[in-house]
1. Computing the accessible area with a 1.4 Å probe over protein heavy atoms, can you report the carbon and sulfur percentage for region 1-58?
2. Amide H of Thr7 versus every other amide H placed in the peptide plane: which residues, excluding those fewer than 5 positions away on the same chain, fall under 5 Å?
3. Would you mind getting the accessible area per residue of the chain, heavy atoms of the protein chains only, 1.4 Å probe, in Å²?
4. Over all distinct Cα pairs, what is the inverse of the mean 1/r for region 1-118, reported as the Kirkwood hydrodynamic radius in Å?
5. Would you grab the residues whose amide H sits under 5 Å from the one on Ala85? Only those 5+ places off in sequence or on another chain, please, with H modelled 1.01 Å from N.
6. Roughly what would the spin-label model give for Asp55 and Lys328, points 7 Å off Cα along C-beta, in nm?
7. Which of Asn251, Met1, Leu269 sits farthest toward the positive end of the charge dipole of the chain, with +1 on the Cβ of Lys and Arg and -1 on the Cβ of Asp and Glu?
8. Taking only DSSP H segments of four or more residues, each worth -39500 (n - 2.57), what value at 222 nm results for the chain once the sum is divided by all its residues, to the nearest 500 deg cm²/dmol?
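The values are calculated or read from the model by the stated rules, or taken from the named source; none is laboratory data. Keep in mind that this is a model prediction, so the values were computed, not measured. Don't worry about glycine lacking a Cβ; one is built from the backbone with ideal geometry, like all the others, and counts go over all protein chains shown. Ligands, DNA and RNA are stripped out before the accessible areas are found, and what is left, the full protein with its side chains, is counted by its heavy atoms. Shrake-Rupley method; radii C 1.70, N 1.55, O 1.52, S 1.80 Å.
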Amino acid sequence: MLLLFETPGGYALFKVLKEKKLGVASEISNEFTSLENANSMVKLKAFAPFSSTTDAVVAATSIIESTLDKNLKKFLKKNVSDELAVADVKLGSLIKENLDIKCVCNDAIMELFRGVRQHLEGLLPGAEEESIKAMRLGLSHSLSRYKLKFSADKVDIMIVQAIGLLDDLDKEINIYAMRVREWYGWHFPEMVKVINDNLFYARCVLRMGMRTNCKNCDFSDILGDETMEENLKKSAETSMGTEISDVDLLNIKSLCEQVVSLSEYRLQLFEYLKNRMAAIAPNLTVMVGELVGARLIAHAGSLINLAKHPASTIQILGAEKALFRALKTKTDTPKRPHNQS
């Protein structure tokens with residue numbers, strides 16, 4: 001029997017010298033208590049080194065995806081005519097199907113692999129422990145970079161992060177804007193009833209400063225409504241608000257600048273999300289819109305996961321707590337939570 005072992009440096013074939021010992025899996029570990037015992041159990045028959053890190057990554061990817069690498073196929077055709085022990089059942093099936101080589105994979109074989117892995121540096125002539133570790137580390141890094149580069153979920157991550165940041169920005173802007181209204185409301189309380197929009201409110205405060213300057217300011221480029229501007233100026237003349245100092249106004253303006261800055265960035269982020277959704281999930285965008293579509297992808301984890309979900313699961317995405325609460329209280333279950341939000 002031969003044993004196929006994949007190392008970071010290449011493919012290795014070991015000849016199993018004591019096949020009778022494979023009868024009891026629990027006793028195989030006793031044959032690898034030392035390097036001398038290991039050498040009496042298995043012996044290297046052939047070794048096919050990888051010519052570059054790229055070949056090692058291709059080989060590792062093939063094994064992970066349960067496909068047969070061309071180099072491995074050539075190596076096995078040249079050196080194997082006997083029964084072959086493998087660590088992966090799927091790989092064994094592929095070898096049997098493509099090369100007509102009988103493959104074995106059971107508990108005893110796995111114990112055999114553990115023993116070989118334990119004394120790998122001693123069983124490979126010329127191999128040093130430090131060089132094996134360096135090759136293993138290099139292959140790990142290269143394989144990680146490869147998987148990240150070709151990840152099918154990578155484009156989805158951008159959407160998930162963007163919609164998460166958009167929701168966080170909405171919360172922050174609302175908190176800051178509410179604080180501006182409360183703070184400046186002590187000086188000009190009537191302004192809240194005239195201007196409802198948070199961004200318009202912050203820009204008007206930055207423009208006029210003290211309410212006494214309101215009548216001399218032009219708000220047409222901010223409000224775009226002459227009636228609203230006229231009502232604002234009338235309210236400033238008859239305001240019942242308290243007086244504030246220049247230091248108070250300076251801090252209020254600083255907070256208003258934060259509201260304006262965050263609001264402008266939110267618009268940029270929404271445009272980015274809109275373009276990404278149109279490129280990655282155009283059909284979903286047409287059906288439910290950019291925001292709802294992005295939230296569905298975020299809740300599902302990725303676009304692929306969302307596509308695999310049944311309609312009943314998609315229906316309650318984002319309303320899991322409401323669903324279980326409805327089941328517990330025996331009331332009506334939520335319908336289309338994202339469309340209602």
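1. Values: 1470 of 2870 Å².
With neighbouring chains kept in place, the figure for region 1-58 is 51 percent.
2. Here Ala12 satisfy the definition.
3. Numbers: 20020 Å² over 341 residues.
Per-residue value: 59 Å².
4. Numbers: mean 1/r = 0.0686 Å⁻¹.
When all Cα pairs of region 1-118 are included, the Kirkwood radius is 14.6 Å.
5. Leu2, Leu3, Leu4, Val104
6. The answer from the label model is 6.1 nm.
7. Met1
8. Working: 19 runs with 218 residues, N = 341.
Counting only the DSSP helices, I get -19500 deg cm²/dmol.
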